[in-house]
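Below: the structure, in structure tokens.
The values are calculated or read from the model by the stated rules, or taken from the named source; none is laboratory data. From a predicted model like this one, the values you see are computed outputs, not experimental measurements. As a convention, Cβ positions derive from the backbone with ideal geometry for all residues, glycine included, and neighbour counts pool all protein chains shown.
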């Protein structure tokens, strides 16, 4: 740096010549120098200040961000029993109105640490007194076995039992906190809920895991730590479920049926309002799976979902719907019903002779096998399969219970022309009551495919159009007439017009070949109110007999229909349905044609 | 001047250390309190769940039905059917209620007296 002298000689000399004061020059130069130094110092200070302020800003931004993050995170609450990496927490299950179907309850398990025990014999005797199924001698042997240090005695204790064990005063008997799955309604909706049991067990906690039904299907959802506090809301209605169970149980008892099942479904959303399968069980105390006999006779078997049976004449509705949809017939087309209809070695007969011909409507109303087979002859195997596939009857019907995916319909190996005819009236192909309810819902809701669900739906999401609105109207009228004029007279409920179709199928012989004598599966598939259906109800009774008449009656019209009618009579007022006069329903249906 | 600065710095460090120590303990006690509260909350939630389970158990449909049967004499509850619905027109329009029975004595204040006085004045 070139330093400018304060008193440059040349300028001083010039100034002296001019007679000026040379000190002024020095002063001027000093001023300039000081100004330069001041500017430099200021710019340096400014840089430092900037750097510092940046630093502080960064620090504050970090702090602010952290505080913001803390404020934004959801407050966390510890859940009970979450320790040792085993979480026993499990969300509640409630019905559509929020009534508790399954909940968790704190209880205790009992275990012994043998090293801490003071008087094993006394403890064993006292335990045997409290729990009658404990053998004192064996318990003493286990307590005094030098190889054992730790023994589980009981997985669940009631508060009274706990107090009694506490009163023994044995320091080696210890309690482990447990969460217990509780189904306060007992057997109600047992097949839907399934049941729960313990998974991994530790001293401080034990996993509660679902073993069947929706408990198993929604395992991840129910144990998701973020959604523990939010109950799983099912579409079931507990009150309706209770009534359906009560009526079905009564029907099963009176008609001496081996089993019974009922499915009540919303035809627009596919929500299952009620699903009952009898015999049932108590999910609080789930019986072990059967080791002998037919699995279908076990109370654990969910007839509505797993029970794929040949359901008989209820399937005729699908044949008629397809023929109407494809434009092959109209409701008034006359069909040749002279019998028997011979096909190779096979003969198709009717329950009774309906004369030489019937209209398509009467084929359904009077339930003529020959008529349905004739209608289907023109359609053929490929189109029939296509139609049944669209209704979802050729695959397992999905539902949010663990058993649903495992059960599949039985279909003919080779879909021959004979299969086409037998399937048209419900033999040669199996269907579950649940799938049947969904298919009937599809037919009457305007033709939109219905997928059954156990979850409460906020809105209607119409599925694929399977049949046209027009065909749907025609089917509604025919189902209505079947009840009003045909085989299902017991379903005429004052105030609630019902439409439906009966089916009485001979049960196939379990030893293979042919059908059993006097063993019938009676089904009634109905929709109500018939003029603008909102609910579909399928009732199936296994081997029912009505013995009130002079001779035993087994057909659905005498068994499944009265039970179904009683269910409708009882539940319809609870389902938000206003009673209507039969004439109004007739008029609405006829006007829509 | 410089020693004064050192003194103040040292005092500042001591003060900050004391403050940090205090904050640390406050935080710990707050955390203890928090976990105590959480325990209390989860205990309360547990008892709430038991209450709810008990409520559900006591209100289970089977029991309610039995209660209805037992108390039929008093309550006369029957299942609701289509017969229990009615039209608006079937409900009788409530008649206006008269509050006072005219047969009893009526207490009246004020006006009547003046009225009677005026009446007396008018009498011949």
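Rundown of residues vs (1) surrounded by fewer than 20 Cβ atoms within 10 Å (Cβ to Cβ); (2) closer than 30 Å to residue A:96 by Cβ; (3) touching a strand residue (DSSP E or B) at 6+ places or on another chain (Cβ under 7 Å), yes/no style:
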{"site": "A:386", "(1), (2), (3)": "yes, no, no"}
{"site": "A:390", "(1), (2), (3)": "yes, yes, no"}
{"site": "A:415", "(1), (2), (3)": "yes, no, no"}
{"site": "A:428", "(1), (2), (3)": "yes, no, no"}
{"site": "A:434", "(1), (2), (3)": "no, yes, yes"}
{"site": "A:442", "(1), (2), (3)": "no, yes, yes"}
{"site": "A:448", "(1), (2), (3)": "no, yes, yes"}
Subset of the stretch A:163-201 that is buried (at least 16 other Cβ atoms within 10 Å of the Cβ) and under 20 Å from residue B:43 (Cα atoms) - its residue that is nearest to the other protein chains (Cβ to nearest Cβ)
A:182
Only residues that are over 19 Å from residue A:236 (Cβ atoms) and either at the interface with chain B (Cβ under 10 Å from one of its Cβ atoms) or surrounded by fewer than 24 Cβ atoms within 10 Å (Cβ to Cβ) (or both): list them for the stretch A:88-103, please.
A:89
Taking the stretch A:578-590 as the search range and keeping residues that are within 17 Å of residue A:479 (Cβ to Cβ) and within 12 Å of chain B (Cβ to nearest Cβ), which one is farthest from the chain's Cα centre (by Cα)?
A:582
Only one of A:431, A:451, A:442, A:422 is more than 29 Å from the chain's Cα centre (by Cα) and in the same structural domain as residue A:556 (by TED's automatic domain parsing), namely A:422
Tell me, please, whether a residue that is surrounded by 15 or more Cβ atoms within 10 Å (Cβ to Cβ) and more than 20 Å from residue A:505 (Cα to Cα) can be found in the stretch A:342-350.
yes
What tally of residues in the stretch B:53-75 results from selecting those that are more than 8 Å from chain A (Cβ to nearest Cβ) and not in a helix (DSSP H, G or I)?
1
The one condition in (1) closer than 23 Å to residue A:565 by Cβ; (2) more than 8 Å from chain A (Cβ to nearest Cβ); (3) more than 32 Å from the chain's Cα centre (by Cα) that residue B:92 fails to fulfil
(1)
Could you identify the single residue in A:270, A:259 that is in the same structural domain as residue A:441 (by TED's automatic domain parsing) and either under 15 Å from residue A:568 (Cα atoms) or within 14 Å of the chain's Cα centre (by Cα) (or both)?
A:270
Scanning the stretch A:104-156 residue by residue, the ones that are touching a residue at least 60 places away in the same chain (Cβ under 8 Å) and away from chain B (no Cβ under 14 Å) total 5
Take residue A:395 and decide whether it is under 30 Å from the mean Cα position of the chain (by Cα) and part of a loop (DSSP other than H, G, I, E, B).
yes
1 or more residues modelled with pLDDT of 85 or more and closer than 27 Å to residue A:593 by Cα: qualifying strands (runs of 3 or more DSSP E) within the stretch A:325-379
A:334-336, A:357-359
Scan of the stretch A:482-533 for residues that are in a loop (DSSP other than H, G, I, E, B), in contact (Cβ under 8 Å) with a residue 60 or more places away in the chain and touching a strand residue (DSSP E or B) at 6+ places or on another chain (Cβ under 6 Å), ordered by number
A:487, A:488, A:498, A:533
What is the number of the single condition among (1) part of a strand (DSSP E or B); (2) within 20 Å of residue A:428 (Cα to Cα); (3) modelled with pLDDT of 90 or more that residue A:273 does not meet?
(2)
Look through the stretch A:397-406, keep the residues that are in contact (Cβ under 8 Å) with a residue 24 or more places away in the chain and closer than 20 Å to residue A:274 by Cα, and return whichever of them is surrounded by the most Cβ atoms within 10 Å (Cβ to Cβ).
A:399
Check residue A:566 against each of (1) in contact with a helix residue (DSSP H, G or I) (Cβ under 6 Å, 6 or more places away or on another chain); (2) surrounded by fewer than 18 Cβ atoms within 10 Å (Cβ to Cβ) and name the one condition it does not meet.
(2)
For the stretch A:238-253, check the following and say yes or no: at least one residue is assigned to a loop (DSSP other than H, G, I, E, B) and out of contact with any helix residue (DSSP H, G or I) (no Cβ under 7 Å at 6 or more places or on another chain).
no
Could you tell me which of the residues B:40, B:45 is closer than 30 Å to residue A:236 by Cα and in a helix (DSSP H, G or I)?
B:45
